[in-house]
1. Tell me the relative contact order for region 9-154 as a rounded percent, counting alpha carbon contacts under 8 Å between residues six or more apart.
2. Ranked highest first by average number of other Cβ atoms within 10 Å, how do 89-96, 210-217 line up?
3. Based solely on its DSSP helices, what 222 nm [θ] is calculated for the chain when runs of n ≥ 4 H residues each add -39,500 (n - 2.57) and the sum is averaged over all residues, nearest 500 deg cm²/dmol?
4. Assuming a viscosity of 0.692 mPa s and a temperature of 37 °C, what translational diffusion coefficient in µm² per second does Stokes-Einstein assign to region 161-351, Rh being the Kirkwood radius over Cα pairs?
5. Could you work out Rg/(2.2 N^0.38 Å) for region 88-241, with Rg from alpha carbons only?
6. Please find, in a Gaussian network model of the chain (springs between Cα atoms separated by less than 10 Å), the residue of LEU317, LEU79, LEU32 whose mean-square fluctuation is greatest.
7. Considering only C-alpha atoms, what is the centroid distance from region 138-157 to region 217-275, in Å?
8. For region 206-310, what does the equivalent ellipsoid look like in terms of its semi-axes, each the square root of 5 times an eigenvalue of the Cα gyration tensor, given largest first in whole Å?
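Laboratory data are not the source of any read-out in this text; all were calculated from the coordinates shown. Here the structure is a predicted model, which is why all the values come from computation and not from measurement. Don't worry about glycine lacking a Cβ; one is built from the backbone with ideal geometry, like all the others, and counts go over all protein chains shown.
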Amino acid sequence: MKQNFLPRYTIGTDAFEMIRKIVLPYGNRIGLIYGEKAFSASREKLLPALEDFEIVHQEVYGKEASYANINRLKNCPQLKEADALLAVGGGKCLDVVKTVGDMLEKPVFTVASIASTCAAVTKIAIIHNDDGSFKEIYRLKNVPVHCFIDPEIIVHAPSEYFWAGMGDTMAKHVESVFSSRNDVTDFESSFGVAVSELCYEPILEKGEKAYNDVRRHIVSAEVEDVIKSIIIATGTVSVSVDPNYNSALAHALYYGLTVREWMERKHLHGEIVSYGTLVQLMLDGQQEELERVYGFNRKVKLPVCLKDLDLEKEDPLDDVLDATIINPELDHIPYPITKQMVRDAIDKLEDYKG
Ligand SMILES: [Zn+2]
């Protein structure tokens, strides 16, 4: 048996008007869990949309997507009485509520307050330790029932999330095409890899305009399209493809680079990944695509060289490369990648002029 629960969503500046129609069939008692900033940014539009519901409990999820927060919410007696959970926030908040909903077997609805990851529609949760370090991936039985996206809220969030989200999203295409190369893929993986095209071309075409609009807090067609690439297209790839095809060198290098503990304090996930995308394209000899992504990164000021990630050209990067090549994201790729191959690609990229 094969099954695939695909993301369902409503997007638009009037998206919350659909909450009543879509959520109410599950019951009118809802638990409302949110990120602090996400809730203050959305409450004015969100609360009127919840007038027909009884909010049995509302609470800030915490600060980290940790089991401490998950267990606290899971054991909340009022939440146990809820018919459904509504999560309002960024990736960490959504991952916490998705996990709580999975454990309590309650339907989860999401409101994405930033466009940075596809957490609003996927069936995995990235769990961290209380200190913020990565712990594990929690696999849910199902995707959230429905995701509501109001682009007006997203364009008022800090624009760097959108910017880094574009970088992470483009990697989804480059990596899934690479890691599935030479394989005979089943329908679901073929479907996911085909959809990954929408993580890539729309951003190359409209990403610069969309990012400029987000910085000026303007909702435009380009902004909506890029939000859909970041959340919906990436989420669709993620839930559809064989897990082997979700990532490759761009993410392996991200895990390698974050061995330097300051890296994640100074740079966002998608920002670091977008550098890895360039390294992967260079290593794989994809000159045409390299030129396109490099040109895009330069235009929007995503990283194109080590200096953009506060690293020296002369840095031997031994610790980084050691961690990169043993990363499980490289377990399934079309040919073996050695430390020297990654180093050479990095060096070539340093001399690359686009
Ligand atoms: Zn990523």
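1. Details: 313 pairs, mean separation 41.8, N = 146.
Contact order relative to length: 29 percent.
2. On the way: 89-96: 26.5, 210-217: 19.1.
Result, highest mean Cβ count within 10 Å first: 89-96, 210-217.
3. On the way: 17 runs with 173 residues, N = 354.
The per-residue figure over the chain is -14500 deg cm²/dmol.
4. 198 µm²/s
5. Numbers: Rg = 15.5 Å, N = 154, 2.2 N^0.38 = 14.9 Å.
Taking the Cα Rg and dividing by 2.2 N^0.38 Å, one obtains 1.04.
6. Looking only at LEU317, LEU79, LEU32, the largest GNM fluctuation is found for LEU317.
7. Comparing the Cα centres of region 138-157 and region 217-275, I get a distance of 15 Å.
8. Working: eigenvalues 102, 69, 48 Å².
In descending order the semi-axes read 23, 19, 15 Å.
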